[in-house]
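Shown next, in structure tokens, is the structure this report addresses.
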Amino acid sequence: MRRLFLALTMVLVCSFALAKESLRVFTWDGYVTPADVAAVNQVLTEKGYDIEVQVIAPYATGPEQMFEIIRSEKADVTFLTLNYIKMQNERTSKLLQTINTKSPRLGNYGKLRKELTALSMGMASDGPLYIPWGGGTYGIWANMKKLKKAELPVTVGDLWDARWKGKISLSHGQIQPNIALTLLALGKPPFLVNDLMVSNQRDQAFALSDELQDKVNRLYGQVARFWDAAPDYGDDLLLTASYGIELARENANGGKWELVKLKEGSTVWLDTINFTKGLTGQKLEAAEIFANYFIGKDVQTRVVKELSMVAVSHLAKTNPIIEADPEFFAERMFWPPYHQEAADLMRRLSNKAMRAAAN
């Protein structure tokens, strides 16, 4: 009995000794694959770290949910969309730590596109709160099975032409990009409503909304169907608005959708890697190793080929969207951290336009 007790004790001691600490990663669906986890864990083991990557549940779904998960200290590494960081009085930014971009464990950092490494909405006074990971656009994509290059819209304003009526799909829930399209069509900056609210020009913002309402009404009147969870690529559509993430899969299944290069450009977004404030010591080092892998050649190439996104590193084997448009990541086109009153005003514009389109 005594021998059995000693044997069980040794098993328990060994089990505790072998148990590794988790580096908890909070990410969007599809960003971190099981193969990525295995690869990073192998690197950590080879370097002598008693730490392993664990992708936590649930996946990221939006700014409010991401803030709550981070605030509850359930994550060490996150994949925040850049404009989430300083939303609502910068509350999420206060839960993050600045990145030591000179760390010897971030050797791939120097290969990132320079225009993406110091964007103001992701900066603290002592440095960046983010590492760029992958981006994209809320752009207009064309069904090239039914359209020729010469038939594509050239400007945002072309979307209001009669030939597109009943042939377009837009987002129902993410209404800010729809308002941005309308502003661009009017020859204005895409985030002017927000800019005015942030600068305390409320009267000008409300006056602008009066001008916008008719234009938004007519845009929504062009729409065949609004989509919610995922973009609509129905065969009856010629144009659809999308973030582009699922296009590689759609085209692999027989589709032939291409991003329309509009004269005014398209609004853009950037997903980033962040470290939470409680991360220190070897776990912080492990987080840097994780991030370095994700801005390396293999993952950055997958960002383009499998997620239809735009790579942020010069290491990517291919990056066709940015090769076709070197100004794709112009800072003025980045989605901002929306002011709550601006978001409310845009929601009212959209709701009125939705009711008008239904009649």
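The values are calculated or read from the model by the stated rules, or taken from the named source; none is laboratory data. Bear in mind the structure is a predicted one, so any value in this text is a computation, not a measurement. Cβ sites come from the backbone with ideal geometry, for glycine too, and all protein chains shown count toward neighbours. Keep in mind that these areas ignore ligands, DNA and RNA; they rest on the heavy atoms of the full protein, side chains included. Shrake-Rupley method; radii C 1.70, N 1.55, O 1.52, S 1.80 Å.
List of remarks:
- Spin-label model, Lys352/Glu258: points 7 Å from Cα along the beta carbon direction are separated by 3.9 nm.
- Remark: the stretch 39-51, residue by residue, has Karplus-estimated 3J(HN,Hα) of 5, 5, 4, 5, 4, 4, 5, 4, 8, x, 8, 8, 9 Hz, where x stands for each Gly or Pro and the curve is 6.51 cos²θ - 1.76 cosθ + 1.60 at θ = phi - 60°.
- Under Karplus coefficients 6.51, -1.76 and 1.60, residue-wise ³J(HN,Hα) of the stretch 255-270 in Hz, glycine/proline x: x, 9, 9, 10, 5, 7, 8, 8, 4, 7, x, 10, 5, 10, 9, 9
- At 0.890 mPa s and 25 °C, Stokes diffusion of the stretch 23-133 via Kirkwood alpha-carbon radius, µm² per second: 162 µm²/s
- For the stretch 52-92, the list of GluC sites (Glu not before Pro) that fall in a loop by DSSP and count at most 12 other C-beta atoms within 10 angstrom reads Glu73.
- Distance between the pseudo-spin-label points of Asn100 and Gln282 (7 Å out from Cα toward the beta carbon): 1.6 nm.
- FRET efficiency for Arg332 and Asn359, using Cβ-Cβ distance with R0 set to 25 Å, rounded to 0.05: 0.10
- Annotation: amide H of Tyr130 within the under-5 Å range of Ile99, sequence separation 5 or more or interchain, hydrogens built in the peptide plane.
- Candidates Lys167, Lys277, Lys47, ranked by Gaussian network fluctuation over the chain, Cα under 10 Å, top entry: Lys47
- Note that the chain presents 47 Å² accessible area per residue, ligands and nucleic acids not counted, probe 1.4 Å.
- Dipole magnitude for the chain: about 360 debye, using +1 per Lys or Arg Cβ and -1 per Asp or Glu Cβ, origin at the Cα centre.
- When you restrict to C-alpha pairs under 8 Å that are six or more residues apart and normalise by the size of the chain, the relative contact order lands at 26 percent.
- Evaluated over the Cα positions of the stretch 276-356, the convex hull gives a direction-averaged projected area, one quarter of its surface, of 9.2 nm².
- When the listed pairs Lys102/Lys277; Lys215/Lys317; Lys114/Lys283; Lys148/Lys352; Lys261/Lys317; Lys20/Lys317 are checked against a 30 Å cut-off, the alpha-carbon distance exceeds it for Lys215/Lys317; Lys148/Lys352; Lys20/Lys317.
- For the stretch 104-135 and the stretch 155-177, distance of Cα centres in Å: 34 Å
- Correct choice for Rg and Dmax of the Cα atoms in Å that was computed from the model, options (i) 19.9, 61; (ii) 23.0, 88; (iii) 22.7, 95: (ii)
- Spatial separation of Cα centroids for the stretch 253-287 and the stretch 185-203, in angstrom: 25 Å
- Carbon/sulfur fraction of accessible area - the chain, other protein chains in place, 1.4 Å, %: 53 percent
- Mean separation of Cα contacts under 8 Å, 6 or more apart, over the residue count of the stretch 279-359: relative contact order %: 16 percent
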